[in-house]
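Take a look at the structure below.
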Amino acid sequence: MAAQAVDVMTNALRIDSMSKRFGERVALAGVSFSLRPGEFVGLLGPSGAGKSTLFRCVAGLERADSGGALLGEQTLGSGHGSGNGGGRIAMVFQQFALVDRLSALDNVLAGRLGAVPAWRGVLRRFSREDRMFAMHCLERVSMLDHAEQRADRLSGGQKQRVAIARALAQKPDVILADEPIASLDPTLAGGILALLRSIASVDNVAVICSLHQLSFAREYSDRVIGIRAGKIVLDCDASGVDDEAAERLYERVTTG
Ligand SMILES: Nc1ncnc2c1ncn2[C@@H]1O[C@H](COP(=O)(O)OP(=O)(O)OP(=O)(O)O)[C@@H](O)[C@H]1O
Ligand SMILES: [Mg+2]
């Protein structure tokens, strides 16, 4: 009982035996791990390993077949909504997922609503306090000067900063970042990872970030989790990932 209480308090997110199939194809085969508050975890794995499926199941965008997730003390049921109902999981995507015609500020505000149609009308109803908080989030990612700029007029790196501000505006306990640097050049990529890492430690948020480059994972993560064919095959301190472990992770997978 006491041990359970400690466990709940020390984990920001716990995933238990999560499995998911698409027809005959196994995408997740009993994935379990926990994230502590403030931890920055790099998720590595070859294409098709199940990284995006894992994130989508945890965020409630996809329904896991079995297993579950615990966010702090809250059980996340299958098909739960994200960003509302008290679930504080925010996502950051490779392709930013901003609304092109909205300003950076409105994108950050829209992020607080989840999937609400007729955003424009709803956006006007945000209080001054909400707007100030959204501005604060933009300031934290060095995008305050671009608050009024339309999202489609921003560079890739700027878009990703706005997407991170949108995540911050949800006051998350966990941020799931699915290949957030895959569309950026290496210099910008390092800046985005440094930003996510600092958010993890400053805000005590657990950040898990899927990446394709081992070098970035080693440089920025506290811990590396490796997934292959839907199974966790590596989970250790970033400094403990040697070339041999990485090679095993990326060895050619025969897919059907
Ligand atoms: N909606 C879907 N319908 C059918 N199969 C799917 C679907 N989404 C994912 N899959 C399959 O599940 C497996 C895991 O895919 P997933 O997208 O999670 O991999 P990934 O690790 O994110 O790969 P990548 O590095 O290329 O993004 C793959 O075999 C993929 O083809
Ligand atoms: Mg993916």
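The values are calculated or read from the model by the stated rules, or taken from the named source; none is laboratory data. This one's a predicted model, so the numbers in the text were calculated from it and none came from an experiment. Note: ideal-geometry Cβ built from the backbone for every residue, glycine included; neighbour counts use all protein chains shown. Please note that ligands, DNA and RNA were not included when accessible areas were found on the heavy atoms of the full protein model with its side chains. Shrake-Rupley method; radii C 1.70, N 1.55, O 1.52, S 1.80 Å.
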> Filtering the range 201-256 down to residues that are in contact with a Gly (Cβ under 7 Å, 6 or more places away or on another chain) and among the polar types (S, T, N, Q), which residue is nearest to Q94 (Cα to Cα)?
Replying inline: S221
> open to solvent by 30 Å² or more (accessible area, probe 1.4 Å), away from ligand 2 (no atom under 14 Å from the Cβ), polar (S, T, N, Q) and at pLDDT 90 or above - does that describe any residue in the range 71-92?
Replying inline: no
>> Within the range 170-256, considering only helices (runs of 4 or more DSSP H) that don't extend past its boundaries, which have at least 1 residues that are in contact with a His (Cβ under 9 Å, 6 or more places away or on another chain) and either outside the structural domain of A59 (by TED's automatic domain parsing) or open to solvent by less than 80 Å² (accessible area, probe 1.4 Å) (or both)?
In response: none
> Of (1) of a type outside the set (S, T, Y); (2) open to solvent by 10 Å² or more (accessible area, probe 1.4 Å); (3) part of a loop (DSSP other than H, G, I, E, B), A49 satisfies all except one. Which?
Replying inline: (2)
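Condition check: more than 22 Å from A104 (Cα to Cα) and of a type in the set (D, E). Does D152 satisfy that?
Details: more than 22 Å from A104 (Cα to Cα): no; of a type in the set (D, E): yes.
Here the answer is no, as D152 does not meet what is asked.
Can you tell me how many residues within the range 173-185 are of a type in the set (D, E, K, R), within 16 Å of ligand 1 (Cβ to nearest atom) and over 24 Å from Q74 (Cα atoms)?
First, pick out the residues of the range 173-185 that are of a type in the set (D, E, K, R): 173, 178-179, 185.
Subset that is within 16 Å of ligand 1 (Cβ to nearest atom): 178-179.
Subsequent filtering for residues that are over 24 Å from Q74 (Cα atoms) retains 179.
Number satisfying all stated conditions: 1.
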> Given the conditions (1) modelled with pLDDT under 80; (2) part of a helix (DSSP H, G or I); (3) open to solvent by less than 30 Å² (accessible area, probe 1.4 Å), and given that G114 satisfies all but one, which numbered condition is not satisfied?
Replying inline: (2)
> Restricting attention to the range 18-38, which residues are away from ligand 2 (no atom under 14 Å from the Cβ) and either buried (at least 22 other Cβ atoms within 10 Å of the Cβ) or outside the structural domain of I227 (by TED's automatic domain parsing) (or both)?
Replying inline: M18, V31, L35
> For the range 152-172, does any single residue satisfy the condition of being out of contact with any Leu (no Cβ under 8 Å at 6 or more places or on another chain) and within 16 Å of ligand 1 (Cβ to nearest atom)?
Replying inline: no
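Taking the stated definitions as given, is D185 within 14 Å of Q160 (Cβ to Cβ) and among the acidic types (D, E)?
Values: within 14 Å of Q160 (Cβ to Cβ): yes; among the acidic types (D, E): yes.
So D185 passes the test.
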>> Among the residues of the range 137-145, are any open to solvent by 30 Å² or more (accessible area, probe 1.4 Å) and at pLDDT below 95?
In response: no
